[in-house]
Amino acid sequence: MKRVYEKRTWNFRGEQYEYEHIAWLCEDSGEQFTDDESDTAGFVQVTNQYRAKYGIPYTDEIIAVRQRYGISAAKMSLILGVGINQYRLYEQGEVPSVSNGRMIRSIMNPKVMLEMVECSKNELSVSEYEKIISKVQAIIASSETYKMEQYETRRIFNTPRGADNGYAQLSLNRLRNIMLYILNRCDEVWCTKMNKLLFYTDFMSYRERGMAMTGLSYRAIDFGPVPERWDRVYSEFPEVRQELRQVGDFVGSVLIASEESDYSMFTDAELKVLDSICTHFSKMSSREISRISHDEDAWLNHHDKREHIPFDDAYMIKAI
């Protein structure tokens, strides 16, 4: 069956959101069919817009804030005053109410979290209370380091999490491990080739899952789609070394990994995307993958003005 894409609207909590409906078309009967993956991708497209509109944290952020404080889901639900089953659903992808979502976002500030723990003191055992308080106070004491990490993240990505970067998590550690995965799996990767591999990784991930992976945004330039500030990105990680090489009259940088990627950073669906990209493009040269990217509507529609490439163009990707 042929895969088809169609703009539709989804009523989510009384509001209309536009999304790309993904289905399989039976050309004999004319009927369309969806599967769990395509239904989930549509739901994620819609809920990402809702989260961005109302400042509700994404699923990975909800999990990360709890892990930062070293608290179980049961204890976090108690501190927040949210039922344990409800809180666990939030970590599995259900969208919190606006009030609950903003409350969860507020405790990303450890001083707010400290107040929340104090309010829950009588519901915790003495040892639980002291352990959590000690952890939160230690985080407050090291908050300057955390602020610097956040500053470095914003400096590299340049774009806040939202539609412009495919709603991907902003994480230097994830970006590092995505690059290491590609370098470990692909033949010789010059900077030009890496630009295109990251582009296809993010746009395929958005098409298949409703969310990109690297946190980067992209622009169409003469040589094809490239990440914003790509030169700064590649110089950021000591584990990714640039080696200057010359081929004929051309001089450029080859990227070399000094360690393996941490696969535990990624879900099965993300690993499937990375594997598909590396399997499909591994043997291609920089020149070949550049030529292919120049046939993409995502580049053709925007390169004249060197414009930002919207992630909606993911549904027109032809190469993979």
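What's the local net charge at residue 17, with K and R +1, D and E -1, over the other residues with C-beta under 14 Å away? Please report the intermediate quantities before stating the final value.
On the way: positive: 7, 8, 13, 51, 53; negative: 15, 18, 20, 312.
My count for the surroundings of residue 17 gives +1.
How far is it, in nm, from the label point at residue 68 to the one at residue 221 when both lie 7 Å from their Cα along the line to the Cβ?
Computed distance between label sites residue 68 and residue 221 equals 3.3 nm.
Could you work out the relative contact order of the range 19-71? I mean the mean sequence separation of Cα pairs under 8 Å and 6+ apart, divided by the number of residues, in percent.
Numbers: 28 pairs, mean separation 13.3, N = 53.
Relative contact order comes out at 25 percent.
Once all Cα-Cα distances of the range 191-264 are split into 5 Å bins that start at 0, what whole-number percent is in each one?
Going from the shortest bin to the longest, the percentages are 3, 14, 20, 23, 21, 12, 5, 2, 0.
Along the charge dipole of the chain, Cβ charges K/R +1 and D/E -1, which of 56, 221, 151 sits furthest on the positive end?
151
Please give the helix 143-157 orientation as an angle from the longest Cα principal axis of the chain, in degrees from 0 to 90, rounded to the nearest 10.
It works out to around 20 degrees.
For the range 18-116, with the dipole built from +1 on Lys and Arg beta-carbon atoms and -1 on Asp and Glu ones, taken about the Cα centre, which of 21, 77, 42 lies farthest toward the positive end?
The listed residue farthest towards the positive side: 77.
Could you calculate, for the range 128-201, the ratio of the Cα radius of gyration to the Kirkwood radius, expressed as Rg to Rh? Write out the running numbers ahead of the final one.
Numbers: Rg = 17.4 Å, Rh = 15.1 Å.
My calculation puts Rg/Rh at 1.15.
Give the shape of the range 67-169 as rounded, prolate or oblate, defined through the alpha-carbon gyration tensor: a ≥ b ≥ c are the square roots of its eigenvalues, a/c under 1.5 means rounded, and otherwise the shape is prolate if a/b is larger than b/c and oblate if not. Write down the numbers at each step before the final one.
On the way: a/c = 2.63, a/b = 1.32, b/c = 1.99.
Judged from the Cα gyration tensor, the range 67-169 comes out oblate (a/c at least 1.5, b/c at or above a/b).
Find the relative contact order for the chain and round it to a whole percent, using C-alpha pairs within less than 8 Å whose residues are 6+ positions apart.
Working: 447 pairs, mean separation 48.7, N = 320.
Computed over the chain, the figure is 15 percent.
Please determine, in degrees from 0 to 90 and to the nearest 10, the orientation of helix 36-54 with respect to the longest principal axis defined by the Cα atoms of the chain, where the helix direction is its Cα long axis.
60 degrees
Mind checking the angle between helix 59-69 and the chain's longest principal axis? C-alpha axes, 0 to 90 degrees, to the nearest 10.
Relative to the chain, helix 59-69 is tipped by roughly 50 degrees.
Assuming R0 = 45 Å, can you tell me the calculated FRET efficiency for the pair residue 304 and residue 102, based on Cβ-Cβ distance, to the nearest 0.05?
Values: r = 42 Å, r/R0 = 0.92.
For residue 304 and residue 102, the calculated efficiency is 0.60.
Quickly estimate the mean residue ellipticity at 222 nm for the chain, helices only: each DSSP H run with n ≥ 4 gives -39500 (n - 2.57), and the total goes over all residues, rounded to 500. Present the calculation step by step, with values, prior to reporting the outcome.
Numbers: 14 runs with 160 residues, N = 320.
-15500 deg cm²/dmol, from helical runs alone.
Need one word for the chain: rounded, prolate or oblate. Basis is the Cα gyration tensor (sqrt eigenvalues a ≥ b ≥ c); a/c below 1.5 gives rounded, then a/b vs b/c decides.
Details: a/c = 2.32, a/b = 1.39, b/c = 1.67.
Oblate is the answer for the chain, as a/c is 1.5 or above yet b/c matches or exceeds a/b.
If the chain between residue 280 and residue 318 were fully stretched, how many nm would it gain, using 0.36 nm times the residue separation less the Cα-Cα distance? Don't jump to the answer; show the numbers that get you there.
On the way: separation 38, 0.36 × 38 = 13.68 nm, distance 1.25 nm.
Between residue 280 and residue 318, full extension yields 12.4 nm more.
Where Lys and Arg each count +1 and Asp and Glu each count -1, what net charge lies around residue 97 among other residues with Cβ under 13 Å from its Cβ? Show your work: numbers first, answer last.
Values: positive: 13, 51, 102, 105; negative: 94.
Here the count lands on +3.
If you place +1 on the Cβ of every Lys and Arg, -1 on the Cβ of every Asp and Glu, and leave all else neutral, what size is the dipole of the range 186-263 about its Cα centre, to the nearest 20 Debye? Mind showing how you got there, number by number?
Details: 9 positive and 14 negative charges, 69 e Å.
It works out to roughly 320 debye.
So, with a 1.4 angstrom probe, what is the percent of accessible area on the chain that is carbon and sulfur?
On the way: 7830 of 15940 Å².
C and S atoms contribute 49 percent here.
Can you give the charge dipole size of the chain about its Cα centre, rounded to the nearest 20 debye, using +1 on the beta carbon of Lys and Arg and -1 on the beta carbon of Asp and Glu? Walk me through the intermediate numbers first.
Working: 40 positive and 49 negative charges, 196 e Å.
My answer is approximately 940 debye.
Where does the Debye-calculated log10 I(q)/I(0) of the range 128-272 sit at q = 0.10, 0.14, 0.19, 0.20 Å⁻¹, using only Cα point scatterers of equal weight, no solvent?
Evaluating at q = 0.10, 0.14, 0.19, 0.20 Å⁻¹ gives log10 I(q)/I(0) of -0.41, -0.74, -1.18, -1.27.
Under the Karplus relation 6.51 cos²θ - 1.76 cosθ + 1.60, θ = phi - 60°, what is the ordered set of whole-Hz ³J(HN,Hα) values for the range 252-264, x standing for Gly and Pro?
x, 10, 9, 9, 10, 8, 9, 7, 7, 6, 8, 5, 5
Across the range 115-274, how many lysine pairs, 8 or more positions apart or on different chains, have C-alpha atoms separated by under 29 Å? Please give the number.
Details: 121/131; 121/135; 121/147; 131/147; 135/147; 193/272; 196/272.
For the range 115-274, the number of qualifying lysine pairs is 7.
Run the reach check for residue 53 against aspartates and glutamates, Cα to Cα strictly under 13 Å, same-chain hits fewer than 8 apart removed. What comes back?
The reachable aspartates and glutamates, counting only those whose Cα sits under 13 Å from residue 53, are 15.
Could you work out, for the range 1-91, what percent of all Cα-Cα pairs fall into each 10 Å distance bin, beginning at 0 Å and stopping at the bin that holds the largest distance?
The percentages, shortest bin first, are 14, 33, 27, 17, 7, 1.
Per residue of the range 79-86, in order, report the coupling 6.51 cos²θ - 1.76 cosθ + 1.60 (Karplus, θ = phi - 60°) as ³J(HN,Hα) in whole Hz, putting x for Gly and Pro.
Once θ is set to phi - 60°, the couplings for the range 79-86 become 5, 7, x, 10, x, 4, 5, 5 Hz.
Going by a ≥ b ≥ c, the root eigenvalues of the Cα gyration tensor, does the range 205-320 fall in the rounded group (a/c under 1.5), the prolate group (a/b larger than b/c) or the oblate group?
Values: a/c = 1.56, a/b = 1.05, b/c = 1.49.
Oblate.
Using the heavy atoms of the protein chains alone and a 1.4 angstrom probe, what is the accessible area of the chain per residue in square angstrom?
50 Å²
The values are calculated or read from the model by the stated rules, or taken from the named source; none is laboratory data. From a predicted model like this one, the values you see are computed outputs, not experimental measurements. In this analysis, Cβ positions are derived from the backbone assuming ideal geometry, glycine residues included, and neighbour counts consider all displayed protein chains. Ligands, DNA and RNA are excluded from the accessible area calculation, which covers all protein heavy atoms including side chains. Shrake-Rupley method; radii C 1.70, N 1.55, O 1.52, S 1.80 Å.
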